[in-house]
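Reviewing the structure listed below.
The values are calculated or read from the model by the stated rules, or taken from the named source; none is laboratory data. Please read all numbers here as calculations on a predicted model, not as lab measurements. As a convention, Cβ positions derive from the backbone with ideal geometry for all residues, glycine included, and neighbour counts pool all protein chains shown. All accessible areas refer to the heavy atoms of the entire protein, side chains included, with ligands and DNA or RNA removed. Shrake-Rupley method; radii C 1.70, N 1.55, O 1.52, S 1.80 Å.
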Number of protein chains: 2
Amino acid sequence: MLPISIPSLDASAALAARERIDQLTKPVGSLGRIEELAERLAAVHGGLPPLYERRAIVVGAGDHGVTAEGVSAYPSEVTPQMVGAFLGEFAAINAFARVARAEVFVANFGVAGELPRHPRLLERSVARGTRNLAREAAMPDAHVDAALDAGIGAFADVEARVSPEIVALGEMGIGNSTSAAALICAFTGADAEDVVGRGTGVDDEALRRKQQVVAQAAARTAGGDWRRIVAELGGYEILGLAGVLLAAASKRVPVVLDGFIVSAAALVAQQIAPESIGYCIAAHRSRELGHAIALRHLGLVPLLDLDLRLGEASGAALALPLCEAASRMVREMKTFAQAGVSTASAPIEA
Amino acid sequence: MLPISIPSLDASAALAARERIDQLTKPVGSLGRIEELAERLAAVHGGLPPLYERRAIVVGAGDHGVTAEGVSAYPSEVTPQMVGAFLGEFAAINAFARVARAEVFVANFGVAGELPRHPRLLERSVARGTRNLAREAAMPDAHVDAALDAGIGAFADVEARVSPEIVALGEMGIGNSTSAAALICAFTGADAEDVVGRGTGVDDEALRRKQQVVAQAAARTAGGDWRRIVAELGGYEILGLAGVLLAAASKRVPVVLDGFIVSAAALVAQQIAPESIGYCIAAHRSRELGHAIALRHLGLVPLLDLDLRLGEASGAALALPLCEAASRMVREMKTFAQAGVSTASAPIEA
């Protein structure tokens, strides 16, 4: 894997932001999570956060051999079809990206089918889908570093095109909620029945099958280090996204995490460089079962809770305006003194 | 009060939106609250919702005689000072309005101090603040209709200037969390200790005083109709905002409600025309104690939960991008058939 060094969060910038926030014309603490977010963003940027004029969404795509086990409601051909929808700009993420004024890139880390050439398709494919993790290791050992490097490369591609001040991560890959669930079980020690959900919407029988596959595959990795775990459980887009996360953190670019599958990517990044998670913002709490477990392990509290379970970075896109709001709050509001507003007779934090 | 007639929500437009949403390229139900929001907005507009190019925020302002009881951490002079901050565009709501691409208007319904003339200050003052609701009726009976009409007039002012496709309501008024708490107790039957919070941040002693004031004032209105209740408990900005809500609903303009105090205004509107609440969207759950009680009584479930307790429409502004997202989802996404994407083998709603 390419060398990546994650800078320390800037604690003094966070403190300066907090001091300024507490003097702004509002009761202390009254903007709750937005204040915390502004503090975190100041720590990430090492000063006042920018207004995020340049926003990128990176949707990592890959396929999963485990679909042979009947763990998904959709066939694998949907992965390249949906990539086509993202590039054609008529999927959910495109609608939400317009709201967030963000540019959508798709990174091909391991799609099985053919993809067209497209200026916003980052071609970083490591393999044509993983092997079936229910029966064998999802990928050869050498592909672990290759997929992480593909992610680091994809971030470099995005940097070269739009120099993003913030990046939101999402995913597309039929079968990837099985891979993500197995990774979450392996990294957090949680039981499969607490982590495995219906993904895009399987029925009861397929859900039981999926739980069994996840439990057995995760058990196979017991005692193994993170390289063993990700080689066994995959997938290419999850590792690719972990690479994007690490690369963004290394450049002090905040990373907005989408839901369940992206949280598995963040758990991989946490294994490689725990300090990278300090650069992450959890956009939302997904309806998918194990997401809360993964977020707890990451030490992240999500901003939104809108009962989403789509992926594609849809939830991450919806959180981008909150990052802008946090930045504008600390940059654009005046203090009581500047505004000539009387302060509280006895200000306390409720 | 001016005659107001609230049209029925368009159930067939909501159904058509739901049918379209269920065919879009995503698992059924996977965009959760955003899907519900799109359905609601279709019912409001009587068809596909617009993209909300024209957005208005109306901050109702008024003062409260009850501040004489020591129920607020800030002096009344802060009301006109903060109105000055809103008009000068350096308060929290201005920062958030830039994120939401909305225009901020301030409606003076009853500020005690002097306010400057300003193109975005809607001058609709009924009186220079309420009387002390702890000791007497907050306003003379005749001011109830006058304040509601002031709100209806304020909406007409906003309509004449920007023809808003959506309106977010907020408030400013030192002491108004006492008036709002008393109204919420009177309309919902809840106990003062379950409704009264620290507002902008009073200490324990002032909190006890505030609870006592609210309990006694609300008790005084027992058995009275809504006119008696609002005359006793005030306030001018709360009634004015109820008038804005009713006027917007009468024109099929969706109304995004901010927090605790605006929920009291919505309870007043609910008394006058219950069907007006169908045009409302609850932006967020405030940290202020009784907000959840008021929302339950309104039958509204908030979109955001960001631990906010500022007012000014700050939470409502943050919900505006979600309304745009809901609209873009239903307008801009393609269906499985249009996009040529394979459907689920056995699609179910998880």
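Among the candidates B:SER72, B:SER125, B:SER163, the residue that is out of contact with any helix residue (DSSP H, G or I) (no Cβ under 7 Å at 6 or more places or on another chain) and within 13 Å of chain A (Cβ to nearest Cβ) is uniquely B:SER72.
Scanning the stretch A:85-111 for residues that are open to solvent by 30 Å² or more (accessible area, probe 1.4 Å) and either under 19 Å from A:ASP157 (Cβ atoms) or more than 7 Å from chain B (Cβ to nearest Cβ) (or both) yields a count of 4.
Output the number of residues of the stretch B:204-219 satisfying the condition of being open to solvent by 20 Å² or more (accessible area, probe 1.4 Å) and out of contact with any Cys (no Cβ under 8 Å at 6 or more places or on another chain). Final tally of qualifying residues: 9. Of the candidates A:LEU115, A:LEU148, the single residue that is more than 10 Å from every other protein chain (Cβ to nearest Cβ) and open to solvent by less than 10 Å² (accessible area, probe 1.4 Å) is A:LEU148. For B:LEU267, the stated conditions do not hold, so it cannot be described as closer than 29 Å to B:ARG208 by Cβ, free of Cβ contacts under 8 Å to residues at least 60 places away in the same chain and of a type in the set (A, V, I, L, M, F, W, C). Whether a residue is surrounded by fewer than 24 Cβ atoms within 10 Å (Cβ to Cβ), under 28 Å from B:ASP22 (Cβ atoms) and out of contact with any Cys (no Cβ under 6 Å at 6 or more places or on another chain) was assessed, and A:GLY201 passes this test.
Can you name the residue in the stretch A:207-230 that is farther than 18 Å from A:ILE261 by Cβ and touching a residue at least 60 places away in the same chain (Cβ under 8 Å) and is also nearest to the other protein chains (Cβ to nearest Cβ) among such residues? Looking at the filtered set, the residue picked out is A:ARG209. Taken over the stretch A:9-36, residues that are more than 8 Å from chain B (Cβ to nearest Cβ), open to solvent by 10 Å² or more (accessible area, probe 1.4 Å) and closer than 19 Å to A:ALA282 by Cα amount to 3.
When the stretch B:75-84 is filtered for residues that are of a type in the set (Ser, Thr, Tyr) and either surrounded by fewer than 24 Cβ atoms within 10 Å (Cβ to Cβ) or away from every other protein chain (no Cβ under 12 Å) (or both), only B:SER76 remains.
Looking at the stretch A:151-161, is at least one residue under 22 Å from A:TYR74 (Cα atoms), modelled with pLDDT of 95 or more, of a type in the set (A, V, I, L, M, F, W, C) and buried (at least 24 other Cβ atoms within 10 Å of the Cβ)? No: the stretch A:151-161 contains no residue that is under 22 Å from A:TYR74 (Cα atoms), modelled with pLDDT of 95 or more, of a type in the set (A, V, I, L, M, F, W, C) and buried (at least 24 other Cβ atoms within 10 Å of the Cβ). Among the residues of the stretch B:46-55, not a single one is crowded, with 24+ Cβ neighbours inside 10 Å, closer than 22 Å to B:VAL167 by Cβ and within 19 Å of the chain's Cα centre (by Cα). Among residues of the stretch B:254-272 being more than 15 Å from B:VAL59 (Cβ to Cβ) and open to solvent by 10 Å² or more (accessible area, probe 1.4 Å), the one that is nearest to the chain's Cα centre (by Cα) is B:GLN270. Beta carbons closer than 9 Å, at least 6 apart along the sequence or on distinct chains, never pair a first residue in the stretch B:105-127 that is farther than 18 Å from B:GLY65 by Cα with a second that is open to solvent by less than 40 Å² (accessible area, probe 1.4 Å) and modelled with pLDDT under 95. Is the stretch B:282-290 home to any residue that is surrounded by fewer than 20 Cβ atoms within 10 Å (Cβ to Cβ), facing another protein chain (nearest Cβ under 7 Å) and touching a residue at least 24 places away in the same chain (Cβ under 8 Å)? No, there is no match, as no residue in the stretch B:282-290 is surrounded by fewer than 20 Cβ atoms within 10 Å (Cβ to Cβ), facing another protein chain (nearest Cβ under 7 Å) and touching a residue at least 24 places away in the same chain (Cβ under 8 Å). Report yes if some residue within the stretch A:59-73 is within 30 Å of A:GLU205 (Cα to Cα), under 22 Å from the mean Cα position of the chain (by Cα) and open to solvent by 10 Å² or more (accessible area, probe 1.4 Å); otherwise report no. Yes: one or more hits. Within the stretch A:300-333, the set of residues being facing another protein chain (nearest Cβ under 9 Å), at negative phi and surrounded by fewer than 18 Cβ atoms within 10 Å (Cβ to Cβ) comprises A:ASP305, A:ARG331, A:GLU332.
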